[in-house]
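Before any comments, here is the structure.
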Amino acid sequence: MESSLLVALSKLSCGSKLIESFFKNEEISQRLKVDLYQKFRGSFTELAQNSVAYFCILAVYPILNIGDKEQLCYELLESMDSWTVHKHAHSLIKALSLDIFKYDSKNWRQVIFRDMKKRELFSSLITEPNDKANKKRKVPDSVLQITKKN
């Protein structure tokens, strides 16, 4: 699919949800996600200007490596005046830490690495099975007898 069609699709609410779910789906390979990100490169300003399409930026950001995140931030900073007038601009600036990036990119890198480390540590906690939650509740015999009679 061409980049212009992807951008047009992302400006529609259903298209934005579709692209967002593609980036968030853990069953889709990282390679396919990066390939789709490559098609969006150069169009992030246009996505940031749209109140629906900016969700695609929020969805793609976590899967990127630090170099691609930096490139994305540079692209958005170059055109910051054109999209910061929109209501959703504050949440985009906060999610990407653009305010830190604008003034000190070295500090931004440290913040990003720290956040990536936190996610990595907490993801292992979340993915570990909870023994109590996995145990089946035993149904009392009295309840089984009542259900068999009916």
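Odds and ends about this structure:
- In this structure, residue 99 does satisfy being within 21 Å of residue 64 (Cα to Cα), at pLDDT 55 or above and of a type outside the set (S, T, N, Q).
- Scan of region 14-53 for residues that are under 20 Å from residue 65 (Cβ atoms) and among the charged types (D, E, K, R), ordered by number: 20, 24, 26, 31, 33, 35, 39, 41
- When region 78-88 is limited to residues that are in contact with a helix residue (DSSP H, G or I) (Cβ under 6 Å, 6 or more places away or on another chain) and not aromatic (Phe, Trp, Tyr), the one that is farthest from residue 42 (Cα to Cα) turns out to be 88.
- Each residue in region 27-44 was checked for being farther than 18 Å from residue 83 by Cβ and either in a helix (DSSP H, G or I) or at pLDDT below 90 (or both), and 10 of them qualify.
- Of 47, 18, 76, 6, all but one fail to be closer than 22 Å to residue 116 by Cα, assigned to a helix (DSSP H, G or I) and not small (Gly, Ala, Ser); the exception is 76.
- Which listed residue is surrounded by fewer than 18 Cβ atoms within 10 Å (Cβ to Cβ) and closer than 25 Å to residue 12 by Cβ, from 57, 63: 63
The values are calculated or read from the model by the stated rules, or taken from the named source; none is laboratory data. Note that this is a predicted model, so its numbers are computed, not measured. So basically every Cβ, Gly included, is an ideal-geometry build from the backbone, and we count neighbours across all protein chains shown.
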